[in-house]
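What follows is a single structure, written as structure tokens, with notes after it.
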Amino acid sequence: MSVHDTLLNRLKRGCETMAYPKGPAPALPDRHGGALKVEAAKCDASCSACVTVCPTEAIARPAGKPVALDLGRCIFCAECVTVCPTKAITQSNDHRMAVRQREDLVLGDTGKEQVRLAQALDEKLRRLFGRSLKLRQVSAAGCNACEADTNVLGTIGWDLGRFGIQFVASPRHADGLLITGPVSKNMELALKKTYIALPEPRIVIALGACAIAGGPFIGHPQHHNGASGLVPVDLFIPGCPPHPLTILDGLLRLLDRLGESDARR
Amino acid sequence: MLLTFALWAYVAGMAGALVLQRAERLANVLGFGLAALGGVCGVVFSVSSLAAGRAVTIAPVTLWSGPIPDVRLVVEADALSCFFVLIVSLVGLAISVFSLGYARTYYGRKNVGVLAAVFNALLLVTTLVFIAGNLWMFLIAWELMALLAYGMVSFEHEDREARQAGVLYFIMSHLDAACILLGFLMLAQAAGDFSFASLRGIGAKLSPQQRDAAFMLFVIGFGIKAGAVPLHIWLPVAHPVAPSNISALMSGVLIKTGIYGLVRVCFEFLGPPPMWWGASLLAAGTVSAVLGVLYALMEHDLKRLLAYHSIENIGIILMGIGAALMFLHTGHAVLASLALIAGLYHTINHAVFKALLFLGAGAVLHATHTRNMEEMGGLAKRMRWTSLFFLVGAVAISALPPLNGFVSEWLTYQSLLQGFGTTTSLVRLMFPLGGAMLALTGALAAACFVKAFGITFLAQPRSDHARNAHEASLPVLIGQGVLTAACVFLGLFPTAFLKLLDPLTQQLTGHQLSQQLTLANGLVLSDATAQGGTVSTLGITLMAVYLLPVPLALWAMFGRKARTRIAPTWDCGQRGLTPQMEYTATGFSKPLRMIFKALFRPRREVQREYDFSPYFATTLRFESHMEEVFQTRFYRPVNLWLLRLSRRLRALQAGSLQAYLIYVFITLVALLLFAS
Amino acid sequence: MHPPTTLEISSQVIPLMATLMLVVQLLLIAQRMLLTNIRLFAIQSLLLSGIAAVVAFNYNASHVYVVAVLTFIGKVVFLPWLLNRLVHRIQIHQDVEPLLNAPSSMLICAALTLLGYSVTRPFTSLEKLGNNTLAIALALLLTGFFLMINRRKALTQVLALLTVENGVMLAAVALTTYGMPLVVELGIFFDVMVAVMVLGILVYRIRENFDSMDTGKLDQLKG
């Protein structure tokens, strides 16, 4: 195709960026299922089928306590949904999962059936980062699925740049750190040095099951079980990998760019 | 008379240092101290003579008359001599002070007394070359200069490289002495007398072929001394191996004697030049400039790099002089003066900043015990003053405003650019071509000095020696400081300096230009044309100073609230930065090596040893060569031809008494026949 | 007709003796026996001292007598005796084949003599002793040189050198009324003495090392 044809083609196709967040969010694919909803009240007293079937030991049922599902360790295989006899664990088809505190990811108890979604940053940080957030990405020994789905946010369909969010080449240029992967021992020094190199004020985002709690590599002697133990994390986005919509929702929630009436729950 | 005092100071320094050879410290202080004293006297003498504006400062004085008639040593100083005496005295002064500290590195190793004595002797004979009034004085001083310099090049004679360099220097010096001797004899034969006074304008009495032949002989002879391409092969070999103060003297002053000779002969003795004289000098200068800087870029020996740069700057000087000769031919005397001023200004500039750079290299060499840039680095923090002075020298040689290199190259550009309109023949194309090549060399020189300064002084030390380097001693720093001050002065106050060149141009081209070149009470330098190109280095500097409050105010208003944190350089999360991650000199120059592949013909060899996979090599060997174009394509064939010829002539040496007697007899008979 | 004056007699005698010297020289060139050559050289030197004596007698120059006496003692008595002794020690009595054979040598010598005459023609006014003495001196010089080239034995070459020196002395005596200053003559004389002694030693050494006086063998020394 010649330049002329390319230009004409582009002009014909017009604007292909999605309307979200000013319009409705795109639908999640069939296999995704969205966030999990855990209603411990529906559980059988002696049933612990979900505990044994979870590949990352994300579900625990200590004696005398209600069942607790740690969404941070969940890799969203939905085995527990299939195996639960009482439908205590269900998929909610909700793409919103990002939280500010680690405890908000543990579901099951009354009042905590679903994630308590992230609050925005405080006023001062929102004034600094609200319209321009530059992130430095550290890929700490994961499988790269999280990075791929983050990368998708840069395409014209999603267009992360329209929110002023960009990925930069050096932590000295960045406002925040986006960590993926379970942080192997080899990457520990690099992660710490990158964090220290960020000028203050700075924020840290842990993306994916590996970065939050180690994911499938949890307990491995060569890994640190995620970034939580090494650097202070401001935003947790669970998933394996999280859908780009989830990531985008998390970031926008952090910056208070969503404008929804039910932004805080 | 100040000059006599200066000369006697050198003699005293020489004698004193030789007498006190055993007492190293005394010899050092006495020898170099007296040399410094001589330098001061020389500077005062020459500046005052030039400022007074007299055409002739010292009328011909016979120093010594021999029993054979016509053998006399005559001394005479005119404006041109005073200018060059200024160069040798100023640079000699700075180097003497430097040597007071530098000679300490030779205590216990080599004979400091001899070093000081020969240094004084070199200054003495070089001054005599400049103030020589007849051929005997000139040639005797010239040969002595070559001999003494040879001695100094081979000072560290334990080193094979130094011995070989000395021999090459010796041979080339004799070639050049032979050429200029022949040329001068041609002139003297026409004049019937050996004194310079009778040689003035002697070109009118020679036939055009004789004048051309004399010109060629002088160009080759003085060209070898100055180091113009293709006669330059001795320069990058001899200058690095000499002790650093001698290298500075050789590069700063001794090669200028070639320029002095050329100017004296072409402008005074040979008469009105035909066009091809100036054009050939311009061409030679252009080629020298470009090739010199290209080879400098490829060097990682710091002193060899500086030596190649000398070739480049000699090229620029020759461009100015060649242009001046061309303008003399076309009758534009004002432009000729401008070009001559540009060439001579560049001469003193180069003397000053090249000596400064060599002194800095000497200090670095002493601190790190190596000339190889690949083993240096990180010296800026360990040798603060030396790196500052070297930086000033590097900025000056790259012709960046507001220092002196910029001023003289600006003047050269102006004279070249105006050359296009002076004639209608095709030769005028050489002027813009020369200007373009000059621009190229300016850019390449800047790149080269980014490499030289950056690799040597910046980043982290690449070897233990560099890590343990310490700042040089005080005399070493003061010597460099003197030259730095001279660079700054010559750069910021060109208009004041140009007044000193007036009697010179008056004598050589018949015009005094400083009035026309000065505007605005000395603030602005003009190029004396109707278009009125101007530049003001002082103005640039003053503007920078005046504008300084602006960023200061901004900082005071906005900057103070910000928090600052001092942290290590971002290293991409590695374990830390090591010297192996730094640029190497070879790597830095690689892009240019590839661009000019046709000239360098680089050859590269990589050898890899591995146990089980080539990706995990146990040993890696890298070799990179460049072809030495002039040695292999010019000098070697000539040498081989000479050897072949000698072998054929060897047949004459039959070893038989009869044969030799027959040769004598035949000659005798032939002479008798011829005489009758 | 008046009886001839001593001056007139001498102006005839001197050219005669000079011509005889030239004849002796030519004989030298043709002769191969070493002892004969030495004797011929002695005769030539005798003629030279005779010329010097006549000059001294005619012009009342006493120092030229000294020259005559010295020439007699040195070149007629001492040197031939020395060379004779050398020949007997070395036991070689005959020279080897010369470079050019006798007839060719004669032709060349004739040419050289002609050359000598033609070269000195402009100078005849300077001569005091009569015609052509200077020409003969130059001819002696050139032919002596030729002799040096033609022969290979070191001894003959020494002799040739001495005949060249004879020619020089003849020229010195011929050119001025009183001969050259005594100092110069003495200088030349002693120079020749020493040269011959050194050459004598040298010849002996050559003979010892090469078993031959053939100087052609010297090219073995070539590197």
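The values are calculated or read from the model by the stated rules, or taken from the named source; none is laboratory data. Small disclaimer: the values here were computed from a predicted structure and weren't measured. As a convention, Cβ positions derive from the backbone with ideal geometry for all residues, glycine included, and neighbour counts pool all protein chains shown.
Mind checking whether some residue in the stretch B:337-349 is among the aromatic types (Phe, Trp, Tyr), surrounded by 24 or more Cβ atoms within 10 Å (Cβ to Cβ) and part of a helix (DSSP H, G or I)? Yes - at least one qualifying residue is present in the stretch B:337-349. For the stretch B:48-60, a residue qualifies if it is under 27 Å from B:Val97 (Cβ atoms) and surrounded by fewer than 17 Cβ atoms within 10 Å (Cβ to Cβ), and the qualifying residues are B:Ser48, B:Ala51.
Each residue in the stretch C:137-163 was checked for being facing another protein chain (nearest Cβ under 8 Å) and basic (Lys, Arg), and 1 of them qualify.
Out of everything in the stretch A:139-177 that is within 14 Å of chain B (Cβ to nearest Cβ) and of a type in the set (A, V, I, L, M), what residue ends up being nearest to A:Ala206 (Cα to Cα)? Only one residue fits best here, namely A:Leu177. Applying the criterion of at least 3 residues that are more than 21 Å from the chain's Cα centre (by Cα) and polar (S, T, N, Q) to the helices (runs of 4 or more DSSP H) found wholly in the stretch B:428-537 leaves B:494-508, B:514-517.
From the list B:Ala103, B:Ala59, the one residue that fits, being free of Cβ contacts under 8 Å to residues at least 24 places away in the same chain and of a type in the set (A, V, I, L, M), is B:Ala59. Just one of (1) among the basic types (Lys, Arg); (2) over 27 Å from A:Ala213 (Cβ atoms); (3) assigned to a strand (DSSP E or B) fails for A:Lys37. It is (2).
Count of the stretch B:29-57 residues, restricted to those that are in contact with a Ser or Thr (Cβ under 8 Å, 6 or more places away or on another chain) and closer than 20 Å to B:Ala9 by Cα, is 13. If I go through the stretch A:144-158 residue by residue, how many of them are under 18 Å from the mean Cα position of the chain (by Cα) and more than 20 Å from B:Gly573 (Cβ to Cβ)? Residues that pass the stated criteria total 8.
Which of the residues spanning the stretch C:14-45 are in contact with a helix residue (DSSP H, G or I) (Cβ under 8 Å, 6 or more places away or on another chain) and among the polar types (S, T, N, Q)? Scanning the stretch C:14-45 gives C:Thr19, C:Gln25, C:Gln31, C:Asn37, C:Gln44, C:Ser45. Being part of a helix (DSSP H, G or I) and closer than 29 Å to B:Thr456 by Cβ is not true of B:Ala283. With respect to being of a type in the set (A, V, I, L, M, F, W, C), more than 14 Å from chain A (Cβ to nearest Cβ), surrounded by 11 or more Cβ atoms within 10 Å (Cβ to Cβ) and under 30 Å from B:Lys303 (Cα atoms), B:Met543 falls outside the description. Scanning the stretch B:61-115 for residues that are touching a strand residue (DSSP E or B) at 6+ places or on another chain (Cβ under 6 Å) and not aliphatic (A, V, I, L, M) yields B:Thr62, B:Trp64, B:Ser65, B:Arg72, B:Glu76, B:Asp78, B:Cys82.
Only one of the numbered conditions (1) away from every other protein chain (no Cβ under 14 Å); (2) exposed (fewer than 10 other Cβ atoms within 10 Å of the Cβ); (3) not small (Gly, Ala, Ser) is violated by B:Pro579, and that is (2). Looking at the stretch B:586-676, the helices (runs of 4 or more DSSP H) lying wholly inside it that each contain 1 or more residues that are within 14 Å of chain C (Cβ to nearest Cβ) and over 25 Å from B:Ala296 (Cβ atoms) sit at B:636-649, B:657-675.
All conditions in (1) free of Cβ contacts under 8 Å to residues at least 40 places away in the same chain; (2) touching a Leu at 6+ places or on another chain (Cβ under 8 Å); (3) more than 21 Å from B:Ile140 (Cβ to Cβ) hold for B:Phe5, with the sole exception of (2). Here B:Val88 meets each of (1) assigned to a strand (DSSP E or B); (2) touching a Ser or Thr at 6+ places or on another chain (Cβ under 6 Å) with one exception, condition (1). Only a single item in (1) within 28 Å of the chain's Cα centre (by Cα); (2) surrounded by 15 or more Cβ atoms within 10 Å (Cβ to Cβ); (3) of a type in the set (Val, Ile, Thr) is not met by B:Ile171, and it is number (2). Mind checking which residues of the stretch B:558-576 are among the small types (Gly, Ala, Ser) and within 14 Å of chain A (Cβ to nearest Cβ)? Across the stretch B:558-576, the qualifying residues are B:Ala562, B:Ala567, B:Gly573, B:Gly576. Criterion applied to B:Thr586, B:Thr569 was being among the polar types (S, T, N, Q), surrounded by 12 or more Cβ atoms within 10 Å (Cβ to Cβ), within 26 Å of B:Phe457 (Cβ to Cβ) and at pLDDT below 90, and the one residue passing it is B:Thr586. Pairs meeting the criteria (first residue in the stretch A:178-196 and within 8 Å of chain B (Cβ to nearest Cβ), second residue in a helix (DSSP H, G or I) and surrounded by 20 or more Cβ atoms within 10 Å (Cβ to Cβ), beta carbons under 8 Å, at least 6 apart or on different chains) are A:Thr194/A:Pro171. B:Ala279 fulfils the conditions (1) closer than 27 Å to B:Gln164 by Cα; (2) surrounded by fewer than 24 Cβ atoms within 10 Å (Cβ to Cβ); (3) of a type in the set (A, V, I, L, M, F, W, C) except for a single criterion, (1).
Each residue in the stretch B:384-400 was checked for being within 26 Å of B:Ala342 (Cβ to Cβ) and either more than 21 Å from the chain's Cα centre (by Cα) or among the β-branched types (Val, Ile, Thr) (or both), and 3 of them qualify. Counting only strands (runs of 3 or more DSSP E) that fall entirely inside the stretch A:145-228 and contain at least 2 residues that are surrounded by fewer than 20 Cβ atoms within 10 Å (Cβ to Cβ), the qualifying elements are A:165-167. Within the stretch B:13-35, residues that are at negative phi sit with their Cβ atoms under 6 Å from residues that are among the β-branched types (Val, Ile, Thr), at 6+ positions apart or across chains, in these pairs: B:Glu24/B:Val112; B:Ala27/B:Val112; B:Asn28/B:Val112. Could you figure out which of (1) within 29 Å of C:Gly187 (Cβ to Cβ); (2) of a type outside the set (Ser, Thr, Tyr); (3) in contact with a helix residue (DSSP H, G or I) (Cβ under 9 Å, 6 or more places away or on another chain) isn't true of C:Ile92? Against the list (1) within 29 Å of C:Gly187 (Cβ to Cβ); (2) of a type outside the set (Ser, Thr, Tyr); (3) in contact with a helix residue (DSSP H, G or I) (Cβ under 9 Å, 6 or more places away or on another chain), C:Ile92 comes up short only on (1). Would a scan of the stretch A:132-139 turn up a residue that is surrounded by 19 or more Cβ atoms within 10 Å (Cβ to Cβ) and outside any strand (DSSP E or B)? Looking through the stretch A:132-139, none of the residues is surrounded by 19 or more Cβ atoms within 10 Å (Cβ to Cβ) and outside any strand (DSSP E or B).
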